[in-house]
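The values are calculated or read from the model by the stated rules, or taken from the named source; none is laboratory data. What you see is a predicted model, and the numbers here were worked out from it, not measured in a lab. The accessibility values were calculated without ligands, DNA or RNA, using every heavy atom of the protein model including side chains. Shrake-Rupley method; radii C 1.70, N 1.55, O 1.52, S 1.80 Å.
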Amino acid sequence: MSTTQSERLRALLAPLVSARELDLEEVEVTPAGKRRVLRIVVDSDDGVLLDTCAELSRAASELLDETDAMGGAPYSLEVTSPGADRPLTEPRHYRRAVGRLVKAQLTAGGELITRIIAVDDEGLDTEVPGVKGRKPTARRLEFSEIAKARVEIEFNHKHSRTNNSDANDTDDANDTVDAGDDANDENQEEA
């Protein structure tokens, strides 16, 4: 069984990310002209600060240069948080979205817009907003009932997030640090 480059990079970077008490959400290598872009997406229950992304970017760049894991072709390195509009695919994603409105495609068909109230190992307790002056109703959703889900961006709703303070909440910002043209470009031909 062959291992893809993304899987090898994930295995290499995972200890570096977890040492900073972050979750490695995604490792993606995409072509960008004559170069490639290595995007590392990280998250945590407390959000991800820009300084943390910058420090992780420097450490990842050093590790990648030491191991030559990206090969000889030039690349750009980006370390980012997933942003608010990313799909909710893991229980931890739902836990981090407590208090937020989500749009869920149900496995039985149909769509549900509901607010996450609580999350446990089997699913979520939600509150379906009332329509035309009606009161909201409670609804339990098991993870197995959800085909896919995504946070709905709200501009006017005031909610308190039990996991994050407003100062550290970067989920809506999708912060990115671009290592850009650094030491990994030394193998590029000089013009």
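From Cα pairs below 8 angstrom and at least 6 apart in sequence, can you work out the relative contact order of the stretch 1-155, rounded to a whole percent?
For the stretch 1-155, the relative contact order is 17 percent.
Would you mind working out the accessible area per residue for the stretch 68-160, using a 1.4 Å probe, and quoting it in Å²?
Each residue of the stretch 68-160 exposes 56 Å² on average to a 1.4 Å probe.
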